[in-house]
Amino acid sequence: MARDSDRPVSSPDPRMMLVPVGKSSRWRSFILVLFTMVIVAGGCLGAGFFYGSQSQMQVSTEVEQLKSTNAQLQQQLDELQSQTAINKHGIELERQASERVRQENVQLQNKVSELQEAVNFYKSIMVPGKNDKGLRIEKIELSSTFNKRRFKYKVVMTQVADNSSFIQGKVSMNLLGVRQGKKESLSFKGISGEFESSSVPFKFRYFQDVAGEVVLPDGFVPEQIEVIAQSKGRKATRLEKRFDWKVQEVTSDVGKG
């Protein structure tokens, strides 16, 4: 006897017929869907792996390019640093050369000034003015030493025009200044080792230096140096001259007898 479930079900539409689906058909559909999902999943996984591999290769390529670029930039930096060091060294050499030239120019100018001073000095002796003859206290030079209270001095005396014979006499010197607010005069006999007495003798035809050192007493502030020269003989002359206390470094050879 046939079951009701195996009978065709009548449809309102005579052109259609409803056929009942069995369990085997449903399993086939399920397997087909599952297989399709597996294929799709495998395709997606393969595509992801492919694109991932491509991206990794691209990243690796970019990393290598960056490494190469970095190496090139580092090489350029090293070259620039080397060139900078060379330029800096060249600039330093140029600066040193310029400084040497400047110093040589200064020395030459000083030498020219010294020579001009020497010419004027000797000219003043040999070709004096009309009323500028005989004994003359030419100048005094002062220079400092390592001792702040010790100073070098040099007095230059000349015989102008009338230098066919020697002139002789004595010269004395005094240091004028202030100590404890009071004016004071110090004889070189007490502050200079060259003055064994109140004066020192001189004898020369053209010029002579009286040179030595003085040591200032504590608390004494120098202001002037007084030079007194007294010649002997038929044309005896007494000269007194004061010079301001001006300490400077002396490089000239003028006045050395």
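The values are calculated or read from the model by the stated rules, or taken from the named source; none is laboratory data. This is a predicted model, so every value here is computed, not measured. Cβ coordinates were reconstructed from backbone atoms using ideal geometry, including for glycine residues, and neighbour counts include every protein chain displayed. Just the protein is used for accessible areas: all its heavy atoms, side chains included, with ligands, DNA and RNA removed. Shrake-Rupley method; radii C 1.70, N 1.55, O 1.52, S 1.80 Å.
Between V221 and K170, what length in nm is gained on full extension when 0.36 nm per residue of separation is reduced by their alpha carbon distance? Can you show the working numbers first?
Values: separation 51, 0.36 × 51 = 18.36 nm, distance 2.69 nm.
Contour length minus the Cα-Cα distance gives 15.7 nm.
The H on the amide N of W245, modeled in the peptide plane, is under 5 Å from the matching H of Q224, I225, each at least 5 residues off or on a different chain. When each of the peptides 172-180, 46-54 is scored by how many other beta carbons lie within 10 Å of its residues on average, the order from highest to lowest is 172-180, 46-54. At 7 Å along Cα-to-Cβ for each site, give me the label-to-label distance between S98 and K183 in nm. In this crude spin-label approximation the distance works out to 5.4 nm.
The modelled label-to-label distance for the pair Q107/C44, using points 7 Å beyond Cα in the direction of Cβ, is 9.2 nm. Computed in the context of the full set of protein chains, the accessible area of region 128-233 at 1.4 Å probe radius has 48% of its extent on carbon or sulfur. Compute the FRET efficiency between Q58 and H89 as 1/(1 + (r/R0)^6), taking r as their Cβ-Cβ distance and R0 = 45 Å, and round to the nearest 0.05. E between Q58 and H89, to the nearest 0.05, is 0.45. Report note on the peptides 229-235, 93-99, 204-210, 154-160: ranked by the mean count of other C-beta atoms within 10 Å, highest first, their order is 154-160, 204-210, 229-235, 93-99.
Sequentially through region 135-149, phi angles give Karplus couplings (6.51, -1.76, 1.60; θ = phi - 60°) of 5, 8, 8, 6, 6, 9, 10, 10, 9, 7, 10, 5, 7, 5, 9 Hz, Gly and Pro residues having no value and appearing as x.
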